[in-house]
1. List every residue pair whose Cβ atoms sit under 7 Å apart, with the two residues 6 or more apart in sequence or on different chains, where the first one lies in the stretch 3-24 and is touching a residue at least 12 places away in the same chain (Cβ under 8 Å) and under 12 Å from Ile154 (Cβ atoms) and the second, anywhere, is charged (D, E, K, R) and assigned to a helix (DSSP H, G or I).
2. Working only within the stretch 28-62, note down all residues that are touching a Gly at 6+ places or on another chain (Cβ under 9 Å) and of a type in the set (Ser, Thr, Tyr).
3. Being surrounded by 15 or more Cβ atoms within 10 Å (Cβ to Cβ), within 18 Å of Ala52 (Cβ to Cβ) and hydrophobic (A, V, I, L, M, F, W, C) is the filter here; which residues of the stretch 85-97 pass it?
4. Which of the residues that make up the stretch 23-33 are buried (at least 16 other Cβ atoms within 10 Å of the Cβ) and assigned to a helix (DSSP H, G or I)?
5. Can we say Leu135 is modelled with pLDDT of 95 or more and surrounded by fewer than 16 Cβ atoms within 10 Å (Cβ to Cβ)?
6. When residues of the stretch 46-80 are filtered for being among the small types (Gly, Ala, Ser) and part of a helix (DSSP H, G or I), how many remain?
7. Scan the stretch 122-130 and tell me whether some residue there is at pLDDT 85 or above, loosely packed, with under 14 Cβ neighbours inside 10 Å and in contact with a helix residue (DSSP H, G or I) (Cβ under 7 Å, 6 or more places away or on another chain).
Amino acid sequence: MQSFITLFGHFLGFIAVGLFFYSYQRTQKSKIVIIQTVATALSVIQYLLIGAFSGFALNLVCIIRNVIFYHRDKNQRSGWLSPILLSLCIGVASIFSWEGVHSLLITLGLVINTICMGVLDAKAFRKTILITSSLILIYNVFASSYSGILSESISLISVIIGIIRYRSTQQAPQPAKAVPAPKTTLAA
């Protein structure tokens, strides 16, 4: 039987699930980042309470990453420096929170996510989540994070819905209007 602490951790994880799903339905990158930061904070607590220390440590770095990217994007700055430095921080945190080979899955997923979040627009970033969520989903299976499994499964479905939804809302090119031929009169 699971302890109350573990069950409470899973409960917080399920709240995070709803927030992650909601975030992928947003069109503005800044709103995605804000909502995901709150969801990630709940995930950090959840991973700690269920004893998944790689998930705990790496998602803690992701909260810092989200705050940095939010302010960077708000000030209309970009570049590769912050995504690379934050990816290195994720790598270092992975070393200190090593649980086994499955820790590489969440590390790789979050490094890819960090780089893509740092350099891509919302539309392109949404597509990369298909890869990163798949890696994190597998980590959650190993960590027995039921809410994490559900979260990443829903994230994958939500991202697919978002991709389809925003693809269909883009304006299709309008066909060129036919220019009527000039009227000519034939003289008899």
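1. Tyr24/Arg126
2. Answer for the stretch 28-62, where residues must be touching a Gly at 6+ places or on another chain (Cβ under 9 Å) and of a type in the set (Ser, Thr, Tyr): Ser43, Tyr47, Ser54.
3. Matches in the stretch 85-97: Ile90, Ala93.
4. Residues satisfying the conditions are Ser23, Lys29, Ile32, Val33.
5. No.
6. Of the residues in that region, 3 qualify.
7. So far as the stretch 122-130 goes, yes, one or more of its residues are at pLDDT 85 or above, loosely packed, with under 14 Cβ neighbours inside 10 Å and in contact with a helix residue (DSSP H, G or I) (Cβ under 7 Å, 6 or more places away or on another chain).
The values are calculated or read from the model by the stated rules, or taken from the named source; none is laboratory data. Just so you know, these numbers come straight off a predicted model, no measurement behind them. When we count neighbours, we look across all protein chains shown, and the Cβ atoms used for this are built from the backbone with ideal geometry, even at glycine.
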